[in-house]
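Worksheet for the structure shown next.
The values are calculated or read from the model by the stated rules, or taken from the named source; none is laboratory data. Note that the structure is a prediction, hence the values are computed from the model and not measured. Quick reminder, even Gly has a Cβ in these numbers, built from the backbone with ideal geometry, and neighbours come from all protein chains shown.
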């Protein structure tokens, strides 16, 4: 296990009171990172990629994303809201982007910096990368994989380490927005707080443990779900002000295909939903995808609109977003009040390393012996993948047994075999009479 | 998939005998949707053994190309992969039509893939050369009417 993996904190947490210990989430987890133990679905921290699939699938609402309460903004002199464009799509067409942003000011924020505005800046930097204009960087392998979705970056670290060089080494839009607000617009000022309003479960983790850059400039992450109702009420009271700045290209980032549309790159793939993303990355690793420049890969179905912290159905939200895109300008008007960040300011400054959480043992020979035992054990299991043992499949149980985190009798069928053998033995013993009584 | 390790069973390897994880895959000749399974399984195993990303990439490309070739040209076959401390040996055996001119088949851009596969984006004539490029040792034997055997080694 790498040092990085051990330090990874997670934003997906289990509500023990609500968890009934069913097997829904263990089956859906793309990295087999959940095991039911003592009736509760625990997450194996070093394998979790914060994709939020378990939050989406839990029928009991027992998996939730940790985020900050709205009250976190109290105590800052200047409170800057950093809203994801997904926020605009949560309200019906009667609510313009200006309405939504005015509501945020009514709620107590002093200023707004739209993530969509920063997304346009990141799009421009991505174009530089694709055109090979970024002199400081060696030519990166193609296709580049977007690094905007933190769950996809973590997936690559864990399951596709050979594709790490394909990741576009750029800071994600929400972080760019916070840095511009704090380091450029309010350079040198004290008491400025930047608060991201997000549909995403993985963004909390990424602000605490950034991927590819040092400390995050964000001071808090507020779940869209938590702000939805208070904002709705505030919008009713707020006088509408002209606040929206981002153009169509930035707004589109909230949905699948938005990044590719903004880039105008036809030799690209846009893929959404974590299992579809795995399929595309698998093909890329097999050398099956050639002649492509860019892959936009988003863990949530329909893109960020399908994030686990959203309120609206992602496909309804998509139509609403498209309507807003149509009424917006093509792209951002000239930047206001700040020097646009240079390419150097947007690129990663820290290496993104592979996470070796799947390795059986650092000693390859030991790992090979363990591999054999896993295979032997797996063959002895029923192969039904019923999940009653708490592992997602018989193979995963076999691996857990060899890793020492489970025992064979965790399998109900194996347990039944043992009980039957024991019963037979009891019957046989019952037949035996002491010699003196055996008449 | 079947897997066995060394000889003499778990933990009792005679001195001098290399420890190996052996994988075996039966590649179906009539279900194209299953092509790629062997490559995915191999990758899964290599990752658990802690083998580095660069090797995994080479092995998956070589294995995937081999699998696709078997489905397109030979109606399926058998792939065996032996992972040892010194390297990964992949042996692909089929009972297909065989290759009349191996040096021609090894030429980039030469393809005999039927149209129905070309329509799917295959048949660019890069299969065998790509396999060779991604391994350290490459041997091919083929007999017309009997089949083809490819042996690839990637050093660790």
Task: Filtered residues of the range A:103-149 (kept if more than 20 Å from residue A:297 (Cα to Cα), in a helix (DSSP H, G or I) and in contact with a helix residue (DSSP H, G or I) (Cβ under 8 Å, 6 or more places away or on another chain)) - done: A:103, A:104, A:106, A:117
- [ ] Filter the range A:360-391 down to residues that are part of a loop (DSSP other than H, G, I, E, B), within 14 Å of chain B (Cβ to nearest Cβ) and in contact (Cβ under 8 Å) with a residue 12 or more places away in the chain, then give me how many there are.
- [x] 1
- [ ] Give the range A:256-267 a look and list any residue that's within 13 Å of residue A:126 (Cα to Cα), outside any helix (DSSP H, G or I) and in contact (Cβ under 8 Å) with a residue 24 or more places away in the chain, or say none.
- [x] A:265
Open item on the list: When you check residue A:357 against the structure, is it within 30 Å of residue A:150 (Cα to Cα) and either touching a helix residue (DSSP H, G or I) at 6+ places or on another chain (Cβ under 9 Å) or not assigned by TED's automatic domain parsing to the domain that holds residue A:30 (or both), yes or no?
Closed with: yes
- [ ] Run down A:360, A:332, A:309 and say which single residue is crowded, with 21+ Cβ neighbours inside 10 Å, within 30 Å of residue A:248 (Cα to Cα) and more than 24 Å from the chain's Cα centre (by Cα).
- [x] A:332
Task: Hits in the range A:190-203 (condition: touching a strand residue (DSSP E or B) at 6+ places or on another chain (Cβ under 7 Å), surrounded by fewer than 24 Cβ atoms within 10 Å (Cβ to Cβ), in a loop (DSSP other than H, G, I, E, B) and at negative phi) - done: none
Task: Filter result for the condition that a residue is over 21 Å from residue A:286 (Cβ atoms), in contact with a strand residue (DSSP E or B) (Cβ under 8 Å, 6 or more places away or on another chain) and either at the interface with chain A (Cβ under 10 Å from one of its Cβ atoms) or at pLDDT 80 or above (or both), over B:58, B:22, B:37 - done: B:22
TODO: Of all residues in the range A:235-247, count the ones that are part of a helix (DSSP H, G or I) and under 19 Å from residue A:85 (Cβ atoms).
DONE: 1
Open item on the list: Go through (1) modelled with pLDDT of 85 or more; (2) touching a helix residue (DSSP H, G or I) at 6+ places or on another chain (Cβ under 9 Å) for residue B:89 and report which single condition fails.
Closed with: (2)
Open item on the list: So, residue A:347, is that one modelled with pLDDT under 95, surrounded by 14 or more Cβ atoms within 10 Å (Cβ to Cβ), within 30 Å of residue A:118 (Cβ to Cβ) and within 13 Å of chain B (Cβ to nearest Cβ) or not?
Closed with: no
- [ ] Identify all residues within the range A:208-234 that are in a helix (DSSP H, G or I) and surrounded by fewer than 21 Cβ atoms within 10 Å (Cβ to Cβ); write none if there are none.
- [x] A:208, A:225, A:226, A:228, A:229, A:230, A:232, A:233, A:234
- [ ] For the range A:57-74, name all the residues that are surrounded by fewer than 17 Cβ atoms within 10 Å (Cβ to Cβ), farther than 15 Å from residue A:221 by Cα and in contact (Cβ under 8 Å) with a residue 40 or more places away in the chain.
- [x] A:60, A:61
Task: Exclusive hit being more than 8 Å from every other protein chain (Cβ to nearest Cβ) and either surrounded by fewer than 24 Cβ atoms within 10 Å (Cβ to Cβ) or in a helix (DSSP H, G or I) (or both), set B:88, B:51, B:72 - done: B:72
Open item on the list: Need a quick list: strands (runs of 3 or more DSSP E) entirely within the range A:1-102 having at least 2 residues that are in the same structural domain as residue A:113 (by TED's automatic domain parsing) and under 30 Å from residue A:411 (Cβ atoms).
Closed with: none
Task: Residue among A:328, A:334 that is without any contact (Cβ under 8 Å) to a residue 12 or more places away in the chain, over 30 Å from residue B:20 (Cβ atoms) and away from chain B (no Cβ under 14 Å) - done: A:334
TODO: Test residue A:300 against the stated conditions and say whether it is more than 30 Å from residue B:134 (Cα to Cα), in contact with a strand residue (DSSP E or B) (Cβ under 9 Å, 6 or more places away or on another chain), assigned to a loop (DSSP other than H, G, I, E, B) and at pLDDT 95 or above.
DONE: yes
